[in-house]
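All remarks here apply to the structure that follows.
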Amino acid sequence: MLLRGRHAGLLCVLALLGASAVSAQQPAASPEQEPLGPGYPAWLAYNPVDASAVFGAPESIPDTIVVLGGDPLEHTAAGELVRGWRGMLSHVPRVIAGPTPESPRAGDSIVVVGTQAELRQWRPALASGKALGPDAYRLHRAGNLFVVEGGDDRGALYGAFALLRDIAEQHSLRALDETSQPWAAIRWTNEWDNSNGTIERGYGGPSFFFKNGHVMSDVSRAAAYARLLSSVGIDGCTINNVNADPKLLLPENLKAIARIADAFRPYGVRLSMSVGVASPMDIGDLPTFDPLDPRVAAWWRNKVDEIYKLIPDFGGFLVKADSEGQPGPSHYGRSPADAANVLAKALAPHGGVVLYRAFVYNHHLDWRDPKADRARAAYDIFHPLDGKFEPNVIVQIKYGPIDFQVREPLSPLFAGLPHTNEAIELQITQEYLGQQRHLVYLAPMWKITLDGDMRSSVSAPPLPVRDLISGKDVDGQHHTMGGFVGVSDVGTDHWLGNPLALANLYAFGRLAWNPTLSAAAISDEWTRLTFGNDPQVRDVVNKLQMDSWHIYESYTGPLGLGTLTDILGPHFGPDPQSAENNGWGQWIRADHEGVGMDRTVATGTGYIAQYPPPLEKEYESLKTCPDNLLLFMHHVPYTHRLRDGKTVIQYIYDTHYWGAQAAAAQVPAWESLHGKVPDATYENVLKRFIFQAGHAIVWRDAITKYFERMSGIPDNLHRVGHYSGRMEAEDMKLDGYAPVDIKPSETASGAKAVVCRDRASCSVSTVWNQPDGWYDIAVQYFDLRRGESHFTLEVAGRKIDAWRADENLPDFRMNGSSSTRQTVHNVSLHRGDTLEITGQPDGRELAPLDYIEVTPSHGPSASHAANHPTEKK
Ligand code: GCV
């Protein structure tokens, strides 16, 4: 076998993988099976498969990989195929680099990887007749040759990943012939990493790009991330927060950032950066950042030239300006087009692009003004600029007009820029959607926007958003580029913290590649790649994923109200009132008569007129506006009847009770997979589902109480305010504990909690005066972002449970974001038993308790540990 000089890189890749250029049949240990370790492989698990289902006879399993080109991306493809073979087929193939005359050996079953041009040179008959475009690939079989043909080198790499996907899903490759090309050129993630190592809205641990103001010296995780991105066709990554630190543009930082770009490059991922438009002043000693000032243009030109010297494949800039305190062109009376174009002109000679965010709005709106409306902002500002942007500018538009809420209508701006490039911005990190502590599979929600029809008249052909962002000319509209951007915010804790949340990163990539795929099909792919092909695992995981958005929506944001969270805090727990009476414009306009924003043309803010006529008509009328967007578009009385005849207020009550129940049912569903998924994943996810079940009750109680108070209309089913088995801590016998008022009041049962001040420990107790029997005991307490209070639960003097409040929920205050519960199952209680909880404060976390709730259980045969003293941590 001959290895030419230009293939030396491949040797290194293979050496790292333990593969070699010789044939070997020994089964290999699969490091891909590693549990949630630092190299957590996510969906690239390469679990063993039934090879006969894929290849048929054993001799059809390729044992040789021929790499035709010398390009690093093809080397990556070969390395990845070796990894896949090793994990899935327990086989290490030999790798032949280069089209050597003596290779391959006759009779060998072979995978050939190359570009269309390389294939045409090697064996013209094997190359596809039709030209493959950039990043596209074709997989096909010719006898014992499995051909991975790329439109270019990146396409060859994507093809290798696609082949591995087919194998992982145990698809038969007998008649393999699959051609695929990406929907759009821009398929990027945005990471909101700060240079100090934190990540804005990141819930998967700290940054692996930055630490203490510097680029990390070890960029191996950056490379591992690029591998994940590349496996689903993502070709770009913006590594720093849109609230950008201008210092990252200083020469010493750019040099270090170039190391990240080096780590990305073998996977075909181009690095890009967020920049502040004031950088020429912030770090450049210019007295101005006016985009029309020639000194500013020259400054950007020089900066861009400097960047390309270090990072020749630099992707471009992402810009947040005139938004949430970020400086912008309005400072000089200039427009977003002026600001975008000065950057675009500097980038154009190098092939770079500007992603300019349409997330521009005034957060000092006057809430008393019934015509004021944040939802209008993007369209009002950008629509008049249509056609004024340079061809390498892409306007990046959040899927809805507000801000990543649990449900929003599609942004009208998608139809408002017929002569401007557009990209959709989706949020993978679950900022308003449970922060990865609640399961929310986002693909079904994203699909609604991508499939959203923006045709200009009922008689026109459909014009889905996915076409408008494809970068192609559609319906007389001119675009040169377009795409998909996902705010990912991965960190060092298994990327997104929750292993099941990785389905969202996967789904983002798959939809960016092909937005016509169904959410269910993507979930199934992800599940099979991650956990293997066991039908039970697939059924359970797919159902959990596919139901999850609806469940979360039902207890956090009904009827299009948006997520009813603490919009002035961490965006996690319930606090509907926080949306009102401030300049942020996320108002729900709840009063004693009714609820919802009137955005109609007839009587409201006129927002609805921003839609093309068919959608305008549908949303404007109460008769046709869909129930699930009703309160986004209309202000209605609580007694307004929905399509099924139910009143708005009763719907709010019912959906919250249903949602909390459905969240609780996720726990046993997941438990049914014990032993069928890796233990570390099982435990990690179980803990989150248990938390979610408890937190859904916090949400349920807070939102239903808020609306009961607002509306003065009781729940038909008498559930709101009546909680069987609940005992308020403040009503129990207190030893050292003192009652405190909780704000907002609806986030604590009875509006109060008890705290332990100035003592090493305090306790609450009560005497059980109900029938003897088996019960579950839930203790509701607050786990603040600081401190680790310790609690013990005793029954009749016996320790039943002990735990620490060490979850560091995201608030320093006692409220709906920090309220959580600990449940002990199947406790035998006898009339006269004393139930006592002892709390030991830690620093400023005063072992706060809200209530206990005792409910009949199924007895000790149930799966949970029964009545045994346990000590957690
Ligand atoms: C990076 C929301 C988030 C902010 C984020 C902003 C944006 O307002 O809460 O953290 O800032 O969106 O998208 O720019």
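The values are calculated or read from the model by the stated rules, or taken from the named source; none is laboratory data. Owing to the predicted nature of the structure, the values given are computational and were not obtained by experimental measurement. Backbone-built Cβ (ideal geometry, glycine too); neighbour counts: all protein chains shown. Heavy atoms of the whole protein, side chains included, go into the accessibility calculation; ligands, DNA and RNA do not. Shrake-Rupley method; radii C 1.70, N 1.55, O 1.52, S 1.80 Å.
Values computed for the structure shown
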item: Identity of the residue in the range 492-522, open to solvent by 20 Å² or more (accessible area, probe 1.4 Å) and farther than 24 Å from Asp453 by Cα, that ends up modelled with the lowest pLDDT; result: His494
item: Qualifying positions in the range 346-365 - more than 14 Å from the ligand (Cβ to nearest atom), crowded, with 24+ Cβ neighbours inside 10 Å and touching a residue at least 60 places away in the same chain (Cβ under 8 Å); result: Val353
item: Residue check, Gln396 polar (S, T, N, Q), crowded, with 21+ Cβ neighbours inside 10 Å, within 16 Å of the ligand (Cβ to nearest atom) and in a loop (DSSP other than H, G, I, E, B); result: no
item: Selection count, the range 366-386, where residues are among the small types (Gly, Ala, Ser) and away from the ligand (no atom under 16 Å from the Cβ); result: 1
item: Qualifying position, being at pLDDT 95 or above, over 25 Å from the mean Cα position of the chain (by Cα) and open to solvent by less than 10 Å² (accessible area, probe 1.4 Å), among Phe389, Phe414, Phe382, Phe404; result: Phe382
item: Asp489, sole failed condition from (1) of a type in the set (Asp, Glu); (2) open to solvent by 10 Å² or more (accessible area, probe 1.4 Å); (3) within 16 Å of the ligand (Cβ to nearest atom); result: (2)
item: Some residue of the range 209-223 being surrounded by 24 or more Cβ atoms within 10 Å (Cβ to Cβ), within 16 Å of the ligand (Cβ to nearest atom) and within 26 Å of Trp526 (Cβ to Cβ); result: yes
item: Meets criteria (in contact (Cβ under 8 Å) with a residue 12 or more places away in the chain and either buried (at least 22 other Cβ atoms within 10 Å of the Cβ) or within 16 Å of the ligand (Cβ to nearest atom) (or both)) for Ala244; result: yes
item: Residues satisfying the stated conditions in the range 206-239, i.e. more than 17 Å from Asp135 (Cβ to Cβ) and touching a Cys at 6+ places or on another chain (Cβ under 8 Å); result: Tyr225
item: Leu343, sole failed condition from (1) farther than 22 Å from Tyr225 by Cα; (2) touching a residue at least 40 places away in the same chain (Cβ under 8 Å); (3) touching a strand residue (DSSP E or B) at 6+ places or on another chain (Cβ under 6 Å); (4) within 16 Å of the ligand (Cβ to nearest atom); result: (4)
item: Filter pass, Phe572 being crowded, with 22+ Cβ neighbours inside 10 Å and not hydroxyl-bearing (Ser, Thr, Tyr); result: yes
item: Candidates Ile283, Ile234, filtered to the one that is at pLDDT 95 or above and open to solvent by 10 Å² or more (accessible area, probe 1.4 Å); result: Ile283
item: Residues within the range 777-825 that are small (Gly, Ala, Ser) and open to solvent by 10 Å² or more (accessible area, probe 1.4 Å), tallied; result: 3
item: Filtered residues of the range 631-654 (kept if part of a helix (DSSP H, G or I) and buried (at least 24 other Cβ atoms within 10 Å of the Cβ)); result: Leu631, Phe632, Met633, Val648, Ile649, Ile652, Tyr653
item: Among the residues listed as Tyr657, Tyr638, the single one being in contact (Cβ under 8 Å) with a residue 40 or more places away in the chain and closer than 18 Å to Trp549 by Cα; result: Tyr657
item: Close pairs (8 angstrom Cβ cut-off, 6 or more residues apart or separate chains): in a loop (DSSP other than H, G, I, E, B) in the range 469-494, among the charged types (D, E, K, R) and more than 16 Å from the ligand (Cβ to nearest atom) anywhere; result: Ile469/Glu422; Asp475/Arg455; Asp475/Asp467; His479/Glu422; His479/Lys472; His479/Asp473; Thr492/Arg221
item: Glu178 touching a residue at least 24 places away in the same chain (Cβ under 8 Å), assigned to a strand (DSSP E or B), open to solvent by less than 10 Å² (accessible area, probe 1.4 Å) and among the acidic types (Asp, Glu); result: no
item: All positions within the range 515-539 that are among the small types (Gly, Ala, Ser) and more than 22 Å from Ser180 (Cα to Cα); result: Gly532
item: Residue, surrounded by the most Cβ atoms within 10 Å (Cβ to Cβ), within the range 107-164, restricted to residues that are modelled with pLDDT of 95 or more and hydroxyl-bearing (Ser, Thr, Tyr); result: Tyr137
item: Condition met for Val277 (within 16 Å of the ligand (Cβ to nearest atom), within 28 Å of the chain's Cα centre (by Cα) and touching a residue at least 40 places away in the same chain (Cβ under 8 Å)); result: yes
item: Any hit, the range 594-614, residues being under 30 Å from Ile713 (Cα atoms), in a loop (DSSP other than H, G, I, E, B) and within 16 Å of the ligand (Cβ to nearest atom); result: no
item: Residue ID - farthest from Lys617 (Cα to Cα), chosen from residues in the range 452-468 that are open to solvent by less than 70 Å² (accessible area, probe 1.4 Å), in contact (Cβ under 8 Å) with a residue 40 or more places away in the chain and hydrophobic (A, V, I, L, M, F, W, C); result: Leu468
item: In the range 705-743, residue farthest from Ser763 (Cα to Cα) [restricted to those that are among the hydroxyl-bearing types (Ser, Thr, Tyr) and more than 36 Å from the chain's Cα centre (by Cα)]; result: Ser724
item: Scan of the range 414-445 for residues that are within 15 Å of the ligand (Cβ to nearest atom) and touching a Pro at 6+ places or on another chain (Cβ under 8 Å), ordered by number; result: Gln435
item: Index of the failed condition, Gly204 passing every other in (1) in contact with a Leu (Cβ under 6 Å, 6 or more places away or on another chain); (2) away from the ligand (no atom under 16 Å from the Cβ); result: (2)
item: Residue count, the range 201-217 (criterion: free of Cβ contacts under 8 Å to residues at least 40 places away in the same chain and not basic (Lys, Arg)); result: 5
item: Test: residue in the range 150-171 that is polar (S, T, N, Q) and at negative phi; result: no
item: Selected residue [among the aromatic types (Phe, Trp, Tyr), part of a loop (DSSP other than H, G, I, E, B) and within 14 Å of the ligand (Cβ to nearest atom)] from Phe389, Phe404; result: Phe404
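Matching residues to (1) over 26 Å from Asp451 (Cα atoms); (2) open to solvent by less than 20 Å² (accessible area, probe 1.4 Å); (3) modelled with pLDDT of 95 or more; (4) part of a loop (DSSP other than H, G, I, E, B):
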{"site": "Phe317", "(1), (2), (3), (4)": "yes, yes, yes, no"}
{"site": "Ser330", "(1), (2), (3), (4)": "yes, no, yes, no"}
{"site": "Pro370", "(1), (2), (3), (4)": "yes, no, yes, yes"}
{"site": "Pro409", "(1), (2), (3), (4)": "no, yes, yes, yes"}
